[in-house]
Structures are given as C-alpha cells and as structure tokens.
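What follows is a single structure, written as structure tokens, with notes after it.
The values are calculated or read from the model by the stated rules, or taken from the named source; none is laboratory data. Treat the numbers as computed from the prediction; the structure is a model and nothing was measured. Here Cβ is always computed from backbone atoms with ideal geometry, including for glycine, and neighbour counts include all displayed protein chains. These area figures cover heavy atoms from the full protein model, side chains too; ligands, DNA and RNA do not enter into them. Shrake-Rupley method; radii C 1.70, N 1.55, O 1.52, S 1.80 Å.
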Amino acid sequence: MHRELWVWVAATALGCLAVLVAAGQGWATVLQGAEVEAPTGGDLAPALTPVALAGLAGVVAVLATKGLGRRLVGALLALCGAGAAAATWTALSGDHVATWLREQNVLRGAAEVPWEAAPLWPVVAAAGAVLMVAGGVVAIVRGGRWAGMSARYDRGAGAGSAAGTGAGSEAKAQVSDDRALWDALDRGDDPTDSR
C-alpha cells in the first residue's frame, strides 16, 4: 500500500503541475505581424492556475488525512480536474480566442486578428486534467487503505505487542519520574541532593 500511495502522489502531482505549466504557455500564434501578444492558457482560461494549485494542495491534504476526510479531499481533487478539463475545452473554442484577441487589439481598430492554435500546451493541460480526475477517483476508492502521515504517532500504536507494552510502561515510568522532579523543584527542594 505504501508504494501505491507514492505512485498516486507522483501521478496526481504531475497532473497538477502539467496544468499549471501549460497555463503559462502560449495557446495560439498570432499571424501576419499583428501587434498583439499571443494568449497563454491562463489568459484564455483564468481558472486553470487556481484549480491546479488547489489540486496540489489536495495531494498534500490526502497525505495528511485518512478515512472520510481523505475521500472528501479526493472528491474535491476530482472536481478540480473536471474544472481544468472544462476550462481547457472552453479556451480552445475558436470564438473565445478570436474575442480575446479582438479585445486586446481594440485600440488599433482591427476587427479581426488572424491566428492559429498552438496545440501542444492545450493537450498537456488536458492530459493533466485527466490525471487529476483519475487521482481524485483513486483517492475516493482506494484512499481508505493508505496509511496516513500521523499513523506512527498515534497513541497505543505498539500496544498490541509485548515490546510495545514494555516500551509504553517505560515511557510512563519516565514521565512519572520527571513529574516527581518537577514537583520537588516546585516545593523548593533540590532533587539532585542525595541526602
């Protein structure tokens, strides 16, 4: 299960990073020397960066939670992936790109700015969105079997074994001795005095 968790972390984080990187790249190329900068994925679909960052936070939250909380985070992660996919689809609409370019070129009076799609980065964003959705679904279905970050720090984790019981009683004795030393100091006694 430990290996499965880390494969999940790597794949899901990769999906989030793919969306994040793609959002900062050019998704269209302006033709015929028009003085308009080519739009990035983030220009055409402003939701891409926030959902990618939320997805990365979700990956960390899955590691830090367990049980129902982990499943809820998985559902939110899948929703972030669906949001990234929807934003990518909307950004690729020809009318959307043409409208964005026209708004950027309004001061120059050009009605239409010739452009063509740059397909690499939208494909990267779409692949990242698919990984995010898949990661969310896997966290919902399989996440309950994964150990949480705090599992080794839970009280009584080793109480079932004899070694764990012995270690637990030693720790309790140490706490008791420490408390006696502090109590002596509070009374004004020197606990190091061997009288």
| Selected residue [assigned to a helix (DSSP H, G or I) and open to solvent by less than 30 Å² (accessible area, probe 1.4 Å)] from ALA75, ALA54, ALA84 | ALA84
| remark: The lone condition ALA38 fails out of (1) outside any helix (DSSP H, G or I); (2) at pLDDT 80 or above is (2)
| field | The listed residue being in a helix (DSSP H, G or I), open to solvent by less than 50 Å² (accessible area, probe 1.4 Å) and touching a residue at least 40 places away in the same chain (Cβ under 8 Å), out of VAL21, VAL9 | value | VAL9
| message | Exactly one of these conditions fails for GLY148: (1) surrounded by 15 or more Cβ atoms within 10 Å (Cβ to Cβ); (2) under 21 Å from TRP27 (Cα atoms); (3) modelled with pLDDT under 90. Give me its number. | response | (2)
| note | When restricted to THR90, THR29, the only residue closer than 25 Å to ALA118 by Cα and in a helix (DSSP H, G or I) is THR90
